[in-house]
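A quick write-up on the structure given underneath.
The values are calculated or read from the model by the stated rules, or taken from the named source; none is laboratory data. Quantities reported herein were computed from a predicted structural model and do not represent experimental measurements. Note that each Cβ is placed from the backbone with ideal geometry, even for glycine, and that neighbours are counted across all protein chains shown.
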Amino acid sequence: MSVLKNWDINLRSSEKKTLLSFFILYIFFTIIVLLLMAIFYFNTQKDLMLKDKRLEFSKYANDEIKKLKYLHVNFDKVPRIYPRDKRFKSAIYDSIYTKIFSLLDSNKVDLNEDIYLQNGNIFYIKELESYYLGAKYVVIEIKDDNLWKNRVYHTLLVYGGIILFVMLLMGYFLLYLLLRPMREAIALLDRFIKDTTHELNTPISTILSNIELSQKSNTDERLQKRLDRIKIGAKTISNLYQDLIFLTLSDKIESRKEDVNLKELLSQRVEYFSLSIESKKISIEQNLKDGVTLHVDKNRLTKLLDNLLSNAIKYNKIKGKIEVVLEDRYFYIKDNGRGIEKDKLEQIFKRYERADKSVGGFGIGLSIVSKIALEEGLKIEIDSVFKKFTSVKVSW
Amino acid sequence: MKIFLVSFFLIFSLNASVYQKNCVSCHKKLPIKIDKFFYRYLLKYSSAIETKYAMKLYLQNPKKENSILNPALLKRFGVKKRTTLSQKELEKAIDEYWDRYKIFGKLK
């Protein structure tokens, strides 16, 4: 549990993306369920309102029928004026739904219904027992006052909001629960790397300093070559150590920007890897323009270059070729090694991701390159043809 | 003048419809006007099709059971005799009867 308290590990972007997608999906389905519930509630309230109104409308219809009866009985004696009422509008239809007379706003009436709401009007249909004036149906139409609707919207807004908030809260805790084992795993891995890194520092420094001392005092050529090989190995471990330190502690190290002479730095880093280059009989071609400077953190840029050069050597073939070119707005390092397959190109900047597993490594090199480039405002472009070449261009 | 009036009456009689000649002429003699029968039919049958069909059925085969008169009126006037009109003539007479007294288009 002590690992969980150490929260300085960031989730990888793909994991964040997955979690965000999950959360969006959760919210989406929550809203869908709430919408369905709201529709159900709305319809129930509408039916209740119509049920309440039914009695009142039935009374209006009976009043209208009485007037129709009077007109029917005295059709030849009184003026043939359809009975009107201020409280409602009405219409009469015969048994085959033909309109006999109508005062309604709407021309379309569903005579099979009992009471219904349409286009802001409530319609009530009553079937006559005796067909006065030939009318089998009397339709009563009244404009809906929308009071019930406002009440329903208000309730939906308040309760819907509360439910949505509770559901979001639940989603958050659900996400937290899902995240826990993942965070634990990442925390354990990072903790392990930190501890291992810490333990590596002293022995590596001792090995490197002792190799240099031995090389100075020894003139035997065969022994020198052996020491060179040990030095390459020790430097590789040293680089790995530096990378791991950068990955685990970079957030805590403040960036110190300065004007860096790129030709100088590139030559220096190529020289640093000279033993490894020689051991693989790689020919190196440097085409570096003078006077190109960049305002960056020198240590970080060194780390970026070391990783690119290390990769160019590691993934190169024996007697291969490395090209280092510096221009005003960019530099690139190109090797004619094994290249990267097209479908793996997008993945290579991910931490612990390795396009080629045939050689050693943790898959953190390009992740560091990408991180440094992002922090220092540099643009990385990778061009690669499988089994032919890989070129990494850094521009600004 | 007499000749003119007789001629006019003759021409009018010749041009009178089946409804006028066969329905109105008899109903005139009854104390209940012909339109009252219409409104009674309407009260029971509502639409044009149903009303016309009921009238036709009754006139072709008049019975107490399919009459729209109440028992008191039936007792007083009895059931009428079966029509002597052909089906076509009867339908024509009923159509005219419907058009004359229908409610459609008469309300304001």
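Within region B:56-79, take every residue that is more than 14 Å from chain A (Cβ to nearest Cβ) and touching a helix residue (DSSP H, G or I) at 6+ places or on another chain (Cβ under 8 Å) and give me the one that is nearest to A:Ile96 (Cα to Cα). Talk me through it step by step, then tell me what you get.
Just the residues of region B:56-79 that are more than 14 Å from chain A (Cβ to nearest Cβ), to begin with: B:56-67, B:69, B:71-79.
If we keep only those that are touching a helix residue (DSSP H, G or I) at 6+ places or on another chain (Cβ under 8 Å) as well, we get B:56, B:59-60, B:64, B:66-67, B:69.
Values: B:Lys56: 19, B:Leu59: 23, B:Gln60: 25, B:Lys64: 27, B:Asn66: 22, B:Ser67: 23, B:Leu69: 24 Å.
Result: B:Lys56.
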message: Against the conditions (1) in contact (Cβ under 8 Å) with a residue 12 or more places away in the chain; (2) over 20 Å from A:Leu50 (Cα atoms), where does A:Asp114 fall short? Just the number, please.
response: (2)
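Looking at the structure I just gave you, is A:Lys77 modelled with pLDDT under 95 and either within 14 Å of chain B (Cβ to nearest Cβ) or in contact with a strand residue (DSSP E or B) (Cβ under 6 Å, 6 or more places away or on another chain) (or both)? Break it down stepwise before answering.
Values: modelled with pLDDT under 95: yes; either within 14 Å of chain B (Cβ to nearest Cβ) or in contact with a strand residue (DSSP E or B) (Cβ under 6 Å, 6 or more places away or on another chain) (or both): yes.
Yes.
Taking the stated definitions as given, is A:Ile27 modelled with pLDDT under 95, in contact with an Asp or Glu (Cβ under 9 Å, 6 or more places away or on another chain) and either outside any helix (DSSP H, G or I) or not aromatic (Phe, Trp, Tyr) (or both)?
Values: modelled with pLDDT under 95: yes; in contact with an Asp or Glu (Cβ under 9 Å, 6 or more places away or on another chain): no; either outside any helix (DSSP H, G or I) or not aromatic (Phe, Trp, Tyr) (or both): yes.
Considered against the rule, which asks whether it is modelled with pLDDT under 95, in contact with an Asp or Glu (Cβ under 9 Å, 6 or more places away or on another chain) and either outside any helix (DSSP H, G or I) or not aromatic (Phe, Trp, Tyr) (or both), A:Ile27 comes out as no.
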query: From the set of residues in region A:126-158 that are free of Cβ contacts under 8 Å to residues at least 60 places away in the same chain and at positive phi, which is surrounded by the most Cβ atoms within 10 Å (Cβ to Cβ)?
result: A:Gly134
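I'd like to check something: does region A:187-197 contain any residue that is touching a Ser or Thr at 6+ places or on another chain (Cβ under 7 Å) and at pLDDT 85 or above?
Step one: list which residues in region A:187-197 are touching a Ser or Thr at 6+ places or on another chain (Cβ under 7 Å), which gives A:190, A:193-194, A:197.
Subsequent filtering for residues that are at pLDDT 85 or above retains none.
No.
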field: Residues of region A:126-136 satisfying the condition of being of a type in the set (A, V, I, L, M) and away from every other protein chain (no Cβ under 11 Å)
entry: none
field: First in region A:270-294 and under 12 Å from A:Val324 (Cα atoms), second anywhere and polar (S, T, N, Q) and surrounded by 15 or more Cβ atoms within 10 Å (Cβ to Cβ), Cβ under 8 Å, 6 or more apart
entry: A:Gln286/A:Ser267; A:Leu288/A:Ser267
field: Residue that is among the β-branched types (Val, Ile, Thr), at pLDDT 85 or above and over 14 Å from A:Leu308 (Cα atoms), where the choices are A:Val359, A:Val385
entry: A:Val385
Residue under evaluation A:Tyr82, criteria (1) buried (at least 18 other Cβ atoms within 10 Å of the Cβ); (2) among the hydroxyl-bearing types (Ser, Thr, Tyr); (3) more than 12 Å from chain B (Cβ to nearest Cβ), criterion not met: (3)
message: Every residue in region B:14-47 that is free of Cβ contacts under 8 Å to residues at least 40 places away in the same chain, among the aliphatic types (A, V, I, L, M), more than 14 Å from every other protein chain (Cβ to nearest Cβ) and part of a helix (DSSP H, G or I), please.
response: B:Leu14, B:Val24
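Kindly provide the set of residues from region A:93-120 that are part of a loop (DSSP other than H, G, I, E, B) and basic (Lys, Arg), ordered by number.
Here is the first cut: in region A:93-120, the ones part of a loop (DSSP other than H, G, I, E, B) are A:94-98, A:103-114, A:119-120.
A:Lys108, the sole residue that qualifies.
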task: Go through region B:80-108 residue by residue and tally those that are over 17 Å from B:Lys33 (Cα atoms) and either more than 14 Å from every other protein chain (Cβ to nearest Cβ) or touching an Asp or Glu at 6+ places or on another chain (Cβ under 7 Å) (or both).
output: 13
query: Is there a residue being of a type in the set (A, V, I, L, M), within 14 Å of chain B (Cβ to nearest Cβ) and either buried (at least 18 other Cβ atoms within 10 Å of the Cβ) or on the phi > 0 side of the Ramachandran plot (or both) anywhere in region A:35-58?
result: no
message: Could you check region A:177-223 and list, in sequence order, the residues that are surrounded by 14 or more Cβ atoms within 10 Å (Cβ to Cβ) and closer than 18 Å to A:Leu275 by Cα?
response: A:Ile204, A:Ile207, A:Leu208, A:Ile211, A:Ser214, A:Gln215
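Could you tell me whether region A:59-81 includes any residue that is assigned to a strand (DSSP E or B), more than 58 Å from the chain's Cα centre (by Cα) and within 29 Å of B:Arg40 (Cβ to Cβ)?
Let us first name the residues in region A:59-81 that are assigned to a strand (DSSP E or B), namely none.
No, region A:59-81 contains no residue that is assigned to a strand (DSSP E or B), more than 58 Å from the chain's Cα centre (by Cα) and within 29 Å of B:Arg40 (Cβ to Cβ).
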query: within 14 Å of another protein chain (Cβ to nearest Cβ) and either surrounded by 14 or more Cβ atoms within 10 Å (Cβ to Cβ) or part of a loop (DSSP other than H, G, I, E, B) (or both), is that true of A:Phe123?
result: no
- line: Contact list, first residue from region A:181-207 and more than 20 Å from A:Ile232 (Cβ to Cβ), second anywhere and among the polar types (S, T, N, Q), beta-carbon distance below 6 Å, six or more apart or interchain, is A:Lys194/A:Thr248
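Hey, can you tell me all the residues within region A:324-352 that are among the hydroxyl-bearing types (Ser, Thr, Tyr) and modelled with pLDDT under 75? Don't jump to the end; show me each part of the working.
Pass one, region A:324-352, residues among the hydroxyl-bearing types (Ser, Thr, Tyr): A:330, A:332, A:352.
A:Tyr352, the sole residue that qualifies.
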- prompt: Within region B:52-72, is there a residue that is out of contact with any Leu (no Cβ under 9 Å at 6 or more places or on another chain), farther than 19 Å from B:Cys26 by Cβ, crowded, with 16+ Cβ neighbours inside 10 Å and basic (Lys, Arg)?
  reply: yes
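Being modelled with pLDDT under 85, over 25 Å from A:Leu19 (Cα atoms) and of a type in the set (Val, Ile, Thr) narrows it down to one residue among A:Thr202, A:Thr155, A:Thr206; which is it? Lay out the reasoning, then the answer.
Details: A:Thr155 fails: modelled with pLDDT under 85; A:Thr206 fails: modelled with pLDDT under 85.
Only one candidate qualifies: A:Thr202.
Inside region A:252-323, counting only helices (runs of 4 or more DSSP H) that do not spill past its ends, which hold 2 or more residues that are modelled with pLDDT of 90 or more? Explain how you work it out, then say what you get.
Numbers: elements: A:262-272, A:274-279, A:298-314.
The qualifying helices (runs of 4 or more DSSP H) are A:262-272, A:298-314.
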message: Tell me whether region A:95-109 contains one or more residues that are within 14 Å of chain B (Cβ to nearest Cβ) and loosely packed, with under 13 Cβ neighbours inside 10 Å.
response: yes
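Do we have A:Val139 as more than 14 Å from chain B (Cβ to nearest Cβ), among the hydrophobic types (A, V, I, L, M, F, W, C) and not in a strand (DSSP E or B) here?
So A:Val139 does not fit the description; no.
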